[in-house]
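Following: one structure in C-alpha cells, then a few remarks.
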Ligand code: NDP
Ligand code: BG6
C-alpha cells in the first residue's frame, strides 16, 4: 500500500502509518475532497489528469467521498464532460478487463462548470455546486491549474477568494512553466503568495512522480554497496539524458517561447540531478528532503555559454516519408532560433562533487525516446587486467544506468571473464528489468502526484526556494543565448542530434553513454 494513505488527508501531517489501498480511517468518514481541474477542456486534462484520477479511483486510492469538477470557458454540460473524459479512460490495470462499471461510477462523480478565469462569477457558481456536493461534510478542495501560465494568477485570485474551502484545506496544483527566468519566476511566486500560503501551493514536476526517479533515493540510501561510491572519489561523471522521437507536435506556440532548456533541463533533469547528488536527508519528511535539494542546487555553478550546445531539428526525408522541421510548425515564427536540443556541462562546487561533470542532454525529434541517468565510475587503479579488455581503457569502467523510461530498468555494467581457457574480459550487465521482475503495471506519474496532493504529501513538489535556486543556475545563459541570438546547430529529424554535444562532452573527457 501507499505508505501515507490516510495519514495526512486532513491536515498534511504524516504519522508514517501504513494502511492499504482504500483504507478509510474513521475520522475521514466525514471528510470530502473536491478536485477541480481548471482548464478541463485542454490537452493535459484529457491526456493525463482525468485518466490519472480514474486510475486512482479504480484502485481505491481516492477518499470515499470525492467529486471531480471540470472548469473552463468552453460551454459543456456535465454529460458532455463525461463523454469527453470517457474517450480517454482505459483500464490501466488490465487493458482486457472490462471496467465499464467502475467507469460509470467514476463518471457519475464528474461535473462541469463553465466560466471565465479572471472573474469571480464562475468560481462563485462553482463554489455553490461544490458546497452542494459536499453535503455538510468537512470540505477539502484541490484545484489543478491545467491552463496556460499567463492566467495562473487570475485563477488563483478568483478561486481562492470565492471557492476556498470553508473549514477544510484548499490546495492548488500549479503546472509548469513557473516563469521563464529567475525574475519572472520570483514574480509569479510573489503573486501566488498574495492569495496563498506556500503550503497550499503544489508545484508539479511530473518527472518526480516517475517510478524510477522515486527509486533513485531508495537505491542510494538503502543499499550499502552504493553509499561509499557516491562521490567524486569513485564517480567520473554523471549523465542525464532525455530524448523524444517526435517534434513539438502542435505545442510549438508554447515551446517557442521556452525552448528545450526551460522545457526539460531546468526542471525535469535538474530535479533528478538534485535527488542524485543531495546529501542524506535527516528523514524522509518533505521538508528534510527539500532542504537537501535546495542545498545542492545552491552549490551549483551558474551555467556558462561555453558549456552549452544548442540545436534545432530540420526536415528530413527517409524513403517515402518526410518529417517536418521545427520551423515548419505553423505556430512557430519564421527564423526562430529556439533550441529543440541542448547539451550542457554542470558542476556542483561542494566537497562531494568537486570537479565531477554532470552532463545533460535533452532533445526533441531524435532517433529514440528515452530518459536515463548514467553514472560512469572511475578507472580501476592499477588494473591487473588492463591488457585483457582490448585497447580501449574506457571499456573497462563500471557504469550504472537507471532507465527512467521506456522499459524501466536498472543495470550495472561490470567487467567479466569470458568463459573459456583464455583470459579475456568483456563488459556485461547485471540487470534489473522491471517488466521481468514485477508483474504490475507501473502507475503514471500523475497518479502518484495527484494522490500525494490529496494527502498533503509535499515531498515530490517543488518548494519556492528550490525553484529560485534552479532558475539561478540557468538564467544567465538563457539570457546570453537570447541576446546573442546564438544559432542552433541544425540536426535532421530522427537523428542523434548535433555533433557539438560530443565535442562538449570530450572537453571533459566524457563519452555519452
Ligand atoms: P491548453 O493549451 O490545452 O489549455 C488548457 C485550456 O486552457 C484550454 O482548453 C482552454 O480552455 C484554456 N486556454 C487556452 N489558451 C488560453 C488563453 N490564451 N487564455 C485563456 N484560456 C486559455 O494547455 P495544456 O492542457 O496543454 O496544458 C495546461 C498546462 O499544463 C500548461 O501550463 C502547460 O504548460 C502544462 N503542461 C502541459 C503538458 C501537455 O502535454 N499538454 C505537459 C506538461 C505541462 P477554454 O478555452 O475552454 O477555457
Ligand atoms: C513536458 C514537456 O514537461 O514533458 C514536454 O513540456 C515533454 O515537452 C514532456 O514532451 C515529456 O514527458 P514524458 O512523461 O512523456 O516523458
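Laboratory data are not the source of any read-out in this text; all were calculated from the coordinates shown. These figures come from a predicted structure and were not determined experimentally. Please note: Cβ atoms are built from the backbone with ideal geometry, for glycine as well, and neighbour counts cover all protein chains shown.
Its residue count N sets the reference 2.2 N^0.38 Å, and the alpha-carbon radius of gyration of the stretch 230-323 equals 1.45 times that reference.
How much length is gained if the chain between residue 197 and residue 119 is pulled fully straight, taking 0.36 nm per residue apart and subtracting their Cα-Cα distance, in nm to one decimal?
25.9 nm
Each label was represented as a point 7 Å from its Cα along the Cα-to-Cβ direction; for residue 221 and residue 187 these points are 3.7 nm apart. Size of the stretch 280-370: Rg and Dmax of its alpha carbons, in Å, are 19.1, 58.
Placing pseudo-labels 7 Å out from each Cα toward the beta carbon at residue 482 and residue 368 gives an inter-label distance of 3.4 nm. Spatially, the stretch 34-48 and the stretch 330-377 are offset by 30 Å when compared through their Cα centroids. Across the stretch 196-271, counting alpha-carbon atoms alone, Rg and Dmax equal 16.8, 47 Å.
With a Förster radius of 51 Å applied to the beta-carbon distance between residue 131 and residue 465, the computed FRET efficiency rounds to 0.90. Sorted fewest first by neighbouring Cβ atoms within 10 angstrom, 417, 133 come out as 417, 133. Using a cutoff of 8 angstrom between alpha carbon atoms and counting only pairs six or more residues apart, the relative contact order for the chain works out to 17 percent.
Based on DSSP H segments of at least four residues, each scored -39500 (n - 2.57), the chain has a per-residue ellipticity at 222 nm of -8500 deg cm²/dmol.
Rounded to the nearest 10 degrees, what's the angle between the helix 286-298 long axis and the longest principal axis of the chain, both from Cα atoms, 0 to 90? Computed tilt is about 50 degrees.
Across all directions, the average projected area of the convex hull around the alpha carbons of the stretch 311-449 is 15.6 nm².
Among beta bridges from DSSP that stay inside the chain, the antiparallel ones total about 50%.
Restricting everything to alpha-carbon atoms, can you work out Rg to Rh for the stretch 75-208 with a Kirkwood hydrodynamic radius? Reported Rg/Rh (Cα atoms, Kirkwood Rh): 1.01. Please work out the C-alpha center-to-center distance from the stretch 397-449 to the stretch 184-238 and express it in whole Å. Centre-to-centre distance over Cα atoms comes out at 23 Å. Where does helix 152-163 land angle-wise versus the long Cα axis of the chain, in degrees 0 to 90, nearest 10? On a 0 to 90 degree scale, this one is about 30. Put in order of Cβ neighbour count within 10 Å, fewest first, the listed residues 320, 328, 233 become 320, 233, 328. Within the stretch 381-513, the ratio Rg/Rh, alpha carbon atoms throughout and Rh by Kirkwood, equals 1.08. Separation of the stretch 460-513 from the stretch 253-285 is 13 Å, based on Cα centroids. Of the residues 112, 182, 254, the one with the fewest other Cβ atoms within 10 Å heads the list, and the complete ranking is 254, 182, 112.
Extent of the chain along its three principal axes (Cα atoms, max minus min coordinate, largest first): 77, 53, 48 Å.
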